[in-house]
Amino acid sequence: MMRAILLYLSHAGWARRIMLHWRLARRVARLWVAGETLSEAVTRVKAMNERGLTATVDVLGEAVTHAEDTAPPVAGYLDLIDAIRREGLQAGASLKLTALGLDIDPELCHTNMLRILERAREAGVRITIDMEDSNHTQATLDMFRRLRAGSGADLHTVIQSYLYRSDADIEALAAEGAGIRLCKGAYMEPPDRAYPAKRDVNAAFVRQAKMLLDAAKAGRGYPGFATHDENMIAAVRAYAAEQGIGPALFEFQMLYGVRSNLQAALVAEGYRMRLYEPYGTQWYPYFMRRLAERPANVWFFASSLLRG
Ligand code: FDA
């Protein structure tokens with residue numbers, strides 16, 4: 001119930017307007033968001049790199065409805081790629097196709113992506129296409145395949161374990177040798193598309209992680225396991241050890257600001273760890289999805305506000 005309310009609020013314009021103008025809320029949101037400017041994000045990535053962590057940086061933004069609104073995110077990603085190269089950061093970038101025009105015109109989105117991928121290819125920067133709600137799954141995978149075939153860039157995408165279709169998607173993508181981030185899924189989905197029960201989502205995550213590890217062992221693709229769930233991490237580790245799959249063949253990924261001790265512990269054990277680091281002024285929907293993932297975050301947020 002709480003999750004449904006928070007996910008509803010994540011795209012309610014009135015709630016966004018209140019929060020974005022509330023200075024205290026902005027300050028607390030900074031626990032999960034690296035900052036509002038590129039230079040703040042660069043500073044954070046440098047600090048992460050010093051601790052042995054890599055990053056994937058997200059220029060915050062969600063679906064746009066006018067073609068001209070895709071220009072700022074494209075410019076934002078080009079600047080980001082230039083900064084990663086100039087500063088020698090161990091970082092890639094994550095992006096959402098709806099921020100680049102997918103809902104307006106797939107050709108506009110394709111053109112925008114080609115510009116970003118050309119710069120990324122020159123700079124040797126990995127780009128990951130985030131996965132949004134299930135109305136965009138097929139269009140996102142179609143665009144991923146088209147761009148991967150045509151751009152020559154190091155392009156990855158995301159599969160969400162909660163969708164019924166994901167076993168089949170993973171099987172196909174693994175055969176193609178695609179780089180895949182596996183996550184449980186963060187959107188509100190109907191029961192005819194996604195498992196409603198958490199235990200089924202967890203079982204799917206473990207099943208799909210094994211499929212991706214098998215493919216990586218056979219030299220096909222490079223998986224990233226994006227989870228803070230210790231049971232999922234333990235299952236990945238156990239299967240990799242059992243199959244003799246070394247830690248260079250996959251990575252773990254977590255969100256900036258979540259379970260820092262676990263991140264450090266895994267790095268100390270020799271695992272690769274990449275942090276999702278969002279920055280920008282459009283932090284509201286991202287922030288609300290993080291609150292929805294864990295009810296305790298709501299109380300943490302509320303008590304931080306009360307403490308001022
Ligand atoms: P789960 O939600 O079961 O949580 C397990 C435990 O982890 C919790 O008990 C809590 O202790 C901790 N935890 C989890 N989330 C937390 C939070 N926000 N704050 C504090 N503690 C938390 N989704 C999507 O739909 N499309 C995408 O492209 C991506 N991309 C992505 C990238 C990366 C790097 C990560 C880590 C996650 C995503 N996600 C995503 C989000 C993902 O789908 C999922 O919603 C969250 O990772 C939470 O699921 P967990 O696997 O962590 O487990």
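Below are the figures for this structure:
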| read-out | value |
| --- | --- |
| Whether the stretch 1-139 is rounded, prolate or oblate, judged on the alpha carbon gyration tensor where a/c under 1.5 counts as rounded | oblate |
| Protein-only accessible surface order, largest first, of Lys96, Lys210, Lys184 at 1.4 Å | Lys210, Lys184, Lys96 |
| Mean ellipticity per residue at 222 nm, deg cm²/dmol - from DSSP H runs of n ≥ 4 across the chain, formula -39500 (n - 2.57) | -16500 deg cm²/dmol |
| Pair Glu118, Glu40: separation of 7 Å Cα→Cβ label points (nm) | 3.2 |
| Antiparallel %, DSSP beta bridges [both residues in the chain], to 5 | 5 |
| Ile84 - accessible surface, heavy atoms, 1.4 Å probe, Å² rounded to 10 | 10 |
| Gyration tensor (alpha-carbon) shape descriptor, the chain, a/c threshold 1.5 | rounded |
| Shape of the stretch 147-268, Cα gyration tensor, a/c cut at 1.5 | rounded |
| Solvent-accessible area of Glu118 with every protein chain in place, 1.4 Å probe, in Å² to the nearest 10 | 100 |
| Accessible surface, the stretch 34-282, averaged per residue in Å² (probe 1.4 Å) | 41 |
| FRET efficiency estimate (nearest 0.05) - Cβ-Cβ, Asp105 to Asp214, R0 35 angstrom | 0.40 |
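The values are calculated or read from the model by the stated rules, or taken from the named source; none is laboratory data. Only a predicted model underlies this, so the values are computations on that prediction, with no experimental measurement involved. Quick reminder, even Gly has a Cβ in these numbers, built from the backbone with ideal geometry, and neighbours come from all protein chains shown. Surface areas here come from the heavy atoms of the whole protein model, side chains and all, with no ligands, DNA or RNA. Shrake-Rupley method; radii C 1.70, N 1.55, O 1.52, S 1.80 Å.
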